Amino acid sequence: MNDSEYMSIALELAKKGCGYTSPNPMVGAVIVRNGEIIGQGWHEKYGEPHAERNALASCKVSPRGATMYVTLEPCCHYGKQPPCTDALIEAGIKRVVVGSGDPNPLVAGKGVKILREHGIEVEENVLKEECDRLNEIFLHYIRTGLPFVVMKYAMTADGKIAAYTGKSKWITGEIAREFVHGQRHRYSAVMVGSGTVIADDPMLTCRIPRGKNPVRIVCDSRLITPLDSKIVKTAKEVSTIIATCCEDKDKIKEYEKNGCRIMNIPEKEGHIDLCVLMKKLGGEKIDSILLEGGAALNWSALSSGIVNKAQIYIAPKLFGGNTAKTPIGGIGVEYPDSAFRLKNTMISRLGDDFLIEGEVDM
């Protein structure tokens, strides 16, 4: 096996930490000596040992003289865990193969430099594209301090998110819906507008086995989310934030009694200033958001420039209807050339449905 093949194994290990390591990255590590894998590990949970230390701990024989394959540059600073560079040096690792560089200013090339200064051979950027894609959330968050926002919606092949009656359950099939629950497990938070809560009364929880519920965020400028909605009634069990411009203390107190946290955000053009909201959420270590809002919130998010990626689920159905809702509302763009463009697009099949994913070209 070659370096790329061993790094592929490390990548698969890293994915096991999905949903549990935020706001830290997903990292996998494999230790090889004389062509045999003698240790492997991944970063299992935020605050717990990193992948490199878990891989070393799994070794049944000495790792001295071995090669370690790790998807992200080893850390060289004290955080919740001690530096991984120290562990590699002490273990006598001879060679380290790295996938992605770590943009964290506390690391950013320093980890590699320390290893080389101690006589360890370092090979960089092996399967870099794949390793970067795995940690697109971490890379964005560490560079900007802002959550990585994914705008998700399901529509028919003729671009409708509901029938003209407003009914929308269900557009996509069971396989696609199960995939969405996996995404709720992956991202730190899920965000909707008050209109979605009023219309659909969703729970916005993750329903996969051993899944992690995201923080639920409701954008509600006038504080009109029904007190008897499922989100409010379960706020003591599932972390729930209502972002609002409303400053009515008596009104706010009713939501707080139910366990909701109220986050006051300044108004912009009659709505919550989403850019200010992102800064506040990023400051609280919410590194990613799955935006499951309706047409109005989708447009506000796009036009505010906070959307990093789109996930578009397309069902092979046709609803028709001049008044049937489309995924993105607002005034829209004036000219075709002004369109928001998606780059690096990928298409996947989920049962009978299709998923188009693409980065928003800023």
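The values are calculated or read from the model by the stated rules, or taken from the named source; none is laboratory data. Treat the numbers as computed from the prediction; the structure is a model and nothing was measured. Positions of Cβ are generated from backbone atoms using ideal geometry, with glycine treated the same way; all protein chains shown enter the neighbour counts. Accessible surface is based on the protein model in full, side chains and every heavy atom, while ligands, DNA and RNA are left aside. Shrake-Rupley method; radii C 1.70, N 1.55, O 1.52, S 1.80 Å.
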Log entry, pairs with first residue in region 1-14 being more than 18 Å from N34 (Cβ to Cβ) and modelled with pLDDT of 95 or more, second being of a type in the set (S, T, N, Q) and open to solvent by 40 Å² or more (accessible area, probe 1.4 Å), beta carbons closer than 7 Å, six or more apart or on different chains, reads L13/Q40
Note on region 134-192: residues more than 14 Å from N308 (Cα to Cα), part of a loop (DSSP other than H, G, I, E, B) and open to solvent by 50 Å² or more (accessible area, probe 1.4 Å) are A157, D158, Y164, T165, K167, K169, W170
(1) open to solvent by 20 Å² or more (accessible area, probe 1.4 Å); (2) touching a Ser or Thr at 6+ places or on another chain (Cβ under 7 Å); (3) not in a loop (DSSP other than H, G, I, E, B) all hold for R216 apart from (1)
Across region 88-131, the tally of residues that are open to solvent by 90 Å² or more (accessible area, probe 1.4 Å) and part of a helix (DSSP H, G or I) stands at 6
Take G358 and decide whether it is crowded, with 19+ Cβ neighbours inside 10 Å, under 23 Å from the mean Cα position of the chain (by Cα), within 21 Å of T156 (Cα to Cα) and of a type outside the set (D, E, K, R). no
Return a yes/no flag: does region 54-73 have any residue that is under 25 Å from the mean Cα position of the chain (by Cα) and open to solvent by 30 Å² or more (accessible area, probe 1.4 Å).
yes
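Name the residues in region 219-245 that are touching a Cys at 6+ places or on another chain (Cβ under 7 Å) and assigned to a loop (DSSP other than H, G, I, E, B), would you? Don't jump to the end; show me each part of the working.
Within region 219-245, the subset touching a Cys at 6+ places or on another chain (Cβ under 7 Å) is 221-223, 232, 235, 240, 242-243.
Answer for region 219-245, where residues must be touching a Cys at 6+ places or on another chain (Cβ under 7 Å) and assigned to a loop (DSSP other than H, G, I, E, B): S221, R222, L223, A235.
In region 329-362, how many are among the β-branched types (V, I, T) and modelled with pLDDT of 95 or more?
Residues of region 329-362 among the β-branched types (V, I, T): 331, 333, 345, 347, 356, 360.
From what is left, the residues that are modelled with pLDDT of 95 or more are 345, 347, 356, 360.
Counting residues in region 329-362 that are among the β-branched types (V, I, T) and modelled with pLDDT of 95 or more gives 4.
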The condition from (1) more than 19 Å from L281 (Cα to Cα); (2) open to solvent by 40 Å² or more (accessible area, probe 1.4 Å) that S229 misses is numbered (2)
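Would you confirm, using the coordinates I've provided, whether L281 is touching a residue at least 60 places away in the same chain (Cβ under 8 Å), assigned to a helix (DSSP H, G or I) and farther than 23 Å from I231 by Cβ? Step through it out loud before you land on a result.
Values: touching a residue at least 60 places away in the same chain (Cβ under 8 Å): yes; assigned to a helix (DSSP H, G or I): yes; farther than 23 Å from I231 by Cβ: no.
When the stated conditions are applied, L281 does not pass them.
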Residue count, region 197-213, condition buried (at least 22 other Cβ atoms within 10 Å of the Cβ) and either basic (K, R) or touching a residue at least 60 places away in the same chain (Cβ under 8 Å) (or both), comes to 1
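Filtering region 289-311 down to residues that are of a type outside the set (S, T, N, Q), outside any helix (DSSP H, G or I) and open to solvent by less than 20 Å² (accessible area, probe 1.4 Å), which residue is farthest from E178 (Cα to Cα)? Quick ask: steps written out before the conclusion?
Going through region 289-311, the residues of a type outside the set (S, T, N, Q) turn out to be 289-297, 299, 301-302, 305-307, 309-310.
Checking which are outside any helix (DSSP H, G or I) leaves us with 289-294, 305-307, 309-310.
If we keep only those that are open to solvent by less than 20 Å² (accessible area, probe 1.4 Å) as well, we get 289-291, 293, 306-307, 310.
Details: I289: 18, L290: 15, L291: 17, G293: 18, I306: 26, V307: 23, A310: 18 Å.
Only one residue tops the list, namely I306.
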Among residues of region 22-38 being open to solvent by less than 50 Å² (accessible area, probe 1.4 Å) and over 21 Å from the mean Cα position of the chain (by Cα), the residue farthest from N135 (Cα to Cα) is I38
